[in-house]
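Read through the structure below, which is laid out as structure tokens, and then see the notes.
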Amino acid sequence: MLTEEDMEEFLSKKFQSEGGDFNSQNLISATFTGNETTNSYENVAWFNNQAYHSPATSLSYLDQAFIRFVANRSDFAMKLINSPLPRKTSARVQEELVGSLSGFSIAFNIVLGFSFLAASFCLFLVRERVDRSSLLQTLAGVDPFCFWFSTFVWDFVNFITPCLVLMIMFAAFTIEELNDNAGIVFLLFILYCWSSLPLMYSLSFLFVVPSTALVRLTIINMITGLASIIAVNILYLLGLNDIAETLNWIFLFLPQYCLGQGLADVYTNHKMVNVCTSTAAMEETCKTSDINFQTDYLAWESYGVGKSVTFLGVQGVIFFIIIFLIEFDYLPLAWRLLSSAIKWLFSKVVPRNGTGPLRRTSAEDDEDVVNEKKRLNETPLEELIKTDRLLIHNLRKVYETGSNSFVAVDNLCIGIPGGECFGLLGINGAGKTTTFKMLSGDYKSTSGTAYLEGFNINKDLRKVQQRLGYCPQFDGLIEQMTGAETIRMFARLRGVPEAEIPNCVESLGKNLHFAQHLYKNCGTYSGGNKRKLGTAIALVGNPPVVLLDEPSTGMDPGARRMLWDALADVRSQGCSIVITSHSMEECEALCTRLAIMVNGQLRCLGGPQHLKNRFGQGYTIEMKMPISATDFSAPTTFMKQNFPGCDVKDDHQGLITCQVKQYLPDGTALKLSKVFYLMEKSKSEVGVMEYTVSQTTLEQVFLSLVRWQKEAADNDDADKKND
């Protein structure tokens, strides 16, 4: 028998030796001390508090042992029943309120996962918009309502599938609070899809990099969902009900908050209904304790989800309206008007230096350009439409760059009849691609307009786009689709009869010489084959006007010439083609008329031969002398005497290159017949073996004209330094 001091020391040593096993093997013990003189006993029960019922159990065994000792009955046994006192009604309600925090945890985790899921639906939209794939679909005849409706339906199906999986998970883990109200929970999921998808669509317009859009929209969803739910619930717990209620109304305009708070309210309301309606006393206690519950889960008051359901439904409508305001350019227009008004007011308060948009200097307008502009401005529109399929009338684009404005395209005037291949040339930054984007509806013009078969791009853009084929500068392809699937899709959009689509696919692949790649994914195409497929898309459905922005970029010389042949065949069938290119050889092979843009203005206009004659520097003459010749002064002297102003460009190993002016000192043109007469004469007089006469190339004309843009850029830099 151990005394109290001995028992304490014994248990301490045993704990040190057994370690973690002590708690599972040593639950109760006792010490018994007797005094025979006084016939009294002191008994102490020891218990391990790691077990819930060890105090009662130790007392039970102590009493049982003592009675056995006193009564001398070793078979005596006691049965102990430990039953807690009935809880007070208020305690039960409070316990259910604490248990409802599990609903908050479930809602929190669902909103966290849906933040990633909802943001992922913007990836493809951003990529399509940046790659101009969506623009090509619009040009093929896709109505904006049809585009966004089909996108929404597909994304909705993909979004609702994880929601159904969640419903199955609730049933599998027997979450009674949500399973008993599965209809309400599923309604919240459906309305969340309805509101969050158009919100992601509208926010996708803010981004140009898909990965950036995914990351930032995920962060936005997490902040608007998780942070708002936490803030409101913490404020309620702290008793700041007025602030919490105000924030609750504000956050109801956020789909993530409506979903999370709605799920949490369903969970909490189920618990409150079960407790408060169990007995009349419980119901009375809930009323006196000001504890809310709703037998109608769609009630507007707390803890009903009527507010969340209503606001989710309204949000979807609002966000779709925003999408179409952006799509039809009403929202950007309102923003531009507001910006202009602010700038105007600011200019009244703070005077600005400068007199208007920054216009890059250029040479005086060419006579042909002036005549074309005069023809378009003075001839009635009805007459012009009869002769010109595409009319560009005083088209102008000004970019706003902070406090300055920059003129990218300056009052462009061109008329292009049917069956013409028109080349628009210029160095980078001249305004070619901006012109194409205005004609296709990708950009809005600052002023001026254009007409395609009589339809105004500002008023009848959809009709213009339906009559326009466009190959953008960068490939607007969906890389997951094959070439054949891409052409087939655009053929259907263009209204090509279904029976003719297979022939359309094969003929375009054959004519553009990439038939062997038709059934490969576009993402595996080389740069040249992507340009061929882009050109094929522009030609699908035989549109009356085709815009080709550098279509031969990345092609080898053989493929380039085959493309030229295909485009020549298209032009011969009456199609009007407008092409931009940096290849003068391509322009000479394809174009019936050319225009060279410098600083957003037309510097010249006319056929290739006309431009050579008008802006050429004369003739280039190459002479070959005999191998035995040692003195080459005679042929150079002959050239200078017979061709005034002749410039010897090169003299190397019997090969002499001279530049002869096109006009004589008296202003008369040097006839080509006289050039050949004098060169034949040089054979007998100075011993020339062979010679070639060539006119100034189109590339030389181009380089001589675009120097104005380089000079203007230098002047602009000097002005900025002076400022």
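The values are calculated or read from the model by the stated rules, or taken from the named source; none is laboratory data. No experiment lies behind these values; they were computed from the predicted model shown. Note that each Cβ is placed from the backbone with ideal geometry, even for glycine, and that neighbours are counted across all protein chains shown.
Tell me, which residue of segment 223-264 that is free of Cβ contacts under 8 Å to residues at least 60 places away in the same chain and touching a Lys or Arg at 6+ places or on another chain (Cβ under 9 Å) is farthest from Val111 (Cα to Cα)? Filtering first and then ranking leaves Trp249.
Here's the yes/no breakdown for (1) within 30 Å of Pro417 (Cα to Cα); (2) among the β-branched types (Val, Ile, Thr); (3) surrounded by 12 or more Cβ atoms within 10 Å (Cβ to Cβ):
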| position | (1), (2), (3) |
| --- | --- |
| Arg603 | yes, no, yes |
| Gly606 | yes, no, yes |
| Gly618 | no, no, yes |
| Pro626 | no, no, no |
| Pro644 | no, no, yes |
| Gln653 | no, no, no |
| Thr668 | no, yes, no |
| Val675 | no, yes, yes |
| Glu685 | no, no, yes |
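Considering (1) among the aliphatic types (A, V, I, L, M); (2) buried (at least 21 other Cβ atoms within 10 Å of the Cβ); (3) more than 45 Å from the chain's Cα centre (by Cα), the lone condition that Ala634 does not fulfil carries the number (2). Within segment 539-578, if we keep just the residues that are closer than 27 Å to Tyr451 by Cβ and either assigned by TED's automatic domain parsing to the domain that holds Ala140 or of a type in the set (Gly, Ala, Ser) (or both), the residue that is surrounded by the fewest Cβ atoms within 10 Å (Cβ to Cβ) turns out to be Ser572. Going by the conditions given, is Ser581 surrounded by 16 or more Cβ atoms within 10 Å (Cβ to Cβ), within 21 Å of Gly419 (Cα to Cα) and touching a Lys or Arg at 6+ places or on another chain (Cβ under 6 Å)? No. Looking only at segment 231-265, residues that are over 29 Å from Trp194 (Cβ atoms) and among the acidic types (Asp, Glu) come to 1 in all.
Looking at Thr285, is it in contact (Cβ under 8 Å) with a residue 40 or more places away in the chain, closer than 25 Å to Cys163 by Cα and buried (at least 16 other Cβ atoms within 10 Å of the Cβ)?
Details: in contact (Cβ under 8 Å) with a residue 40 or more places away in the chain: yes; closer than 25 Å to Cys163 by Cα: no; buried (at least 16 other Cβ atoms within 10 Å of the Cβ): yes.
Spelling it out, it is not the case that Thr285 is in contact (Cβ under 8 Å) with a residue 40 or more places away in the chain, closer than 25 Å to Cys163 by Cα and buried (at least 16 other Cβ atoms within 10 Å of the Cβ).
Among the conditions (1) farther than 15 Å from Ile478 by Cβ; (2) in contact with a Leu (Cβ under 9 Å, 6 or more places away or on another chain), Lys530 misses just one, which is (1). Among the residues of segment 106-139, those that are within 14 Å of Asp442 (Cβ to Cβ) and not in a helix (DSSP H, G or I) comprise Asp131, Arg132.
Exactly one residue out of Pro144, Pro162 is out of contact with any helix residue (DSSP H, G or I) (no Cβ under 6 Å at 6 or more places or on another chain) and surrounded by fewer than 18 Cβ atoms within 10 Å (Cβ to Cβ): that is Pro162.
Filtering segment 387-426 to residues that are of a type in the set (Phe, Trp, Tyr) and either more than 23 Å from Arg375 (Cα to Cα) or within 32 Å of the chain's Cα centre (by Cα) (or both) leaves Tyr399, Phe406.
Please determine whether any residue of segment 433-450 is surrounded by 17 or more Cβ atoms within 10 Å (Cβ to Cβ), in a strand (DSSP E or B) and more than 24 Å from the chain's Cα centre (by Cα). So far as segment 433-450 goes, yes, one or more of its residues are surrounded by 17 or more Cβ atoms within 10 Å (Cβ to Cβ), in a strand (DSSP E or B) and more than 24 Å from the chain's Cα centre (by Cα).
Contact list please: Cβ distance under 7 Å, first residue in segment 291-317 and within 14 Å of Asn248 (Cβ to Cβ), second residue of a type in the set (A, V, I, L, M) and at pLDDT below 85, pairs at least six apart or on different chains. Close Cβ pairs (under 7 Å, with a partner that is of a type in the set (A, V, I, L, M) and at pLDDT below 85) amount to Tyr303/Met272. For segment 621-637, the criterion of being assigned by TED's automatic domain parsing to the domain that holds Val409, outside any helix (DSSP H, G or I) and touching a residue at least 12 places away in the same chain (Cβ under 8 Å) is satisfied by no residue at all.
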